[in-house]
Amino acid sequence: MFSNTEIGIDLGTANILIYTKNKGIILNEPSVVAVDTRTNQVVAVGNEAKNMIGKTPRNIVPIRPLKDGVIADFDMTTQMLKAFLKKVSKKAGVSTRKPSVVVCTPSGSTAVERRAIDNAVKSFGAKEVHLIEEPVAAAIGADLPVAEPQASMIVDIGGGTSEVGIISFGGVVASRSVRVGGDHMDEEIIQYIKRQHNVLIGESTAEKVKMEIGYAHNDHPEEEMDVRGRDLVTGLPKVITLRSSEVHDAFKEVLESILHAITETLESCPPELSGDIVDQGITITGGGALLKGMQQWLSNEINDVPVHLADNPLESVAVGTGRSLQMIQKLQKAVK
């Protein structure tokens with residue numbers, strides 16, 4: 001069916017992953033573009049652009065063209081995809097001219113948002129573009145039996161969105177998409193430190209705090225970390241000591257939003273499939289699944305349902321998007 005290069009793209013708010021059938025995941029870089037505002041030229045993309053956040057002269061602005069899992073800046077997304085595909089063709093040693101592309105979209109995205117993704121991908125020369133819902137891609141990547149007539153429940157906690165889906169027979173039976181994720185946790189940490197300590201920190205620092213001393217549940221061994229920022233009263237640099245319990249309090253509401261989406265999805269699940277979920281459990285994937293204690297916290301909150309962590313949470317969606325090329329016709333019918 002596909003004679004050209006086959007590519008799967010996980011168009012994530014935090015990271016873009018590109019999968020090719022022969023080489024697996026060939027690119028995994030932050031979805032950040034650095035732009036020179038005077039010439040409107042792209043200066044850097046991916047890792048290089050992310051390292052510039054908060055450290056550039058006035059005329060160079062690092063931006064995230066994807067927000068909450070969908071395209072916020074169409075032109076920049078197109079330019080970023082073109083730059084990434086150049087990297088892919090160099091690495092893979094294959095031509096990415098007129099590729100067949102599968103892109104995953106949040107299950108809660110509107111027709112306009114889907115069209116924007118479709119157009120952005122087509123504008124760099126894709127021959128065919130297929131859209132697949134993120135929960136389905138994540139489930140395929142996590143090796144769940146999506147094509148079987150049994151329930152597979154997936155929770156994908158990404159940077160901009162958290163997707164919850166119950167999949168059976170190749171399609172989504174019940175799903176919820178909430179526009180909160182890892183980036184919102186970082187934002188809550190920034191606001192908490194601003195309120196409680198009168199210190200302003202940057203995005204990269206907040207992300208580091210979350211990864212080092214962030215815990216999903218409150219019952220954990222207390223840890224501390226020195227955090228550097230700018231004192232909002234004096235304007236001078238300042239170092240504060242942050243406790244892990246404070247970090248948990250900062251993003252507690254984000255976790256509750258994700259839990260609410262999971263319980264709502266379970267409530268709208270047909271009774272026949274509910275029995276499968278009790279047996280098979282819930283699989284968590286995405287970068288947010290790597291938050292310390294996430295698996296244990298979810299198990300405690302959702303009684304009687306086992307919670308499993310996908311083998312490679314960060315790459316599940318991209319791997320699933322790439323693998324879906326083989327079963328795309330069946331999936332397209334289910335998505336429609």
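All of the numbers you see were taken from the coordinates with simple rules; none came from a lab. Since this is a predicted model, take the numbers as computed values, not measurements. Virtual Cβ from ideal backbone geometry, glycine too; neighbours counted across all protein chains shown.
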- Task: Grab the Cα-Cα distance for residue 211 and residue 267, subtract it from 0.36 nm times how many residues apart they are, and report the gain in nm with one decimal.
- Result: 17.0 nm
- Item | Which listed pairs, of 90/127; 90/208; 87/292; 23/292; 67/98; 50/86, have C-alpha distances above 24 Å, in listed order | 90/208; 87/292; 23/292; 67/98
- In whole Å, how far is the Cα centre of the range 101-139 from that of the range 25-85? 19
- Provide the per-residue ³J(HN,Hα) series for the range 281-290, in order, calculated from phi with Karplus coefficients 6.51, -1.76, 1.60 and θ = phi - 60°, each as a whole number of Hz, with x at glycine and proline positions. x, 10, 9, 9, 9, x, x, x, 5, 7
- Note on the structure: Here the range 181-194 yields Karplus 3J(HN,Hα) values (6.51, -1.76, 1.60; θ = phi - 60°; whole Hz; Gly and Pro given as x) of x, x, 5, 6, 4, 4, 4, 5, 5, 4, 5, 5, 5, 5
- Note on the structure: If amide H atoms are modeled at 1.01 Å from N in the peptide plane, then the residues at a separation of 5 or more from residue 130, or on another chain, having amide H under 5 Å from its own are 101, 102, 103
- Message: List the residues, sorted by chain then number, that are 5 or more residues from residue 35 or on another chain and whose placed amide H is less than 5 Å from its amide H.
- Response: 43, 61, 63
- Note on the structure: Burial-style ranking of 315-324, 28-37, average other-beta-carbon count within 10 Å with highest first, yields 315-324, 28-37
- Which FRET efficiency value, to the nearest 0.05, do you get for residue 225 and residue 48 by plugging their Cβ-Cβ distance into 1/(1 + (r/R0)^6) with R0 = 30 Å? 0.65
- Item | Hits among aspartates and glutamates - C-alpha to C-alpha of residue 252 under 15 Å, sequence gap 8 or more where chains match | 183, 186, 187, 188, 219, 301
- Helix-derived mean residue ellipticity, 222 nm - over the chain, DSSP H n ≥ 4, -39500 (n - 2.57), to 500: -11500 deg cm²/dmol
- Message: Under the rule of at least 5 residues apart or a separate chain, name every residue whose amide H is placed under 5 Å from the amide H of residue 72.
- Response: 66, 67
- Query: Which ³J(HN,Hα) values, rounded to whole Hz and listed in residue order, are derived for the range 235-246 from phi using the Karplus coefficients 6.51, -1.76 and 1.60 in 6.51 cos²θ - 1.76 cosθ + 1.60 with θ = phi - 60°, glycine and proline given as x?
  - Reply: x, 9, x, 8, 10, 10, 9, 10, 9, 5, 5, 5
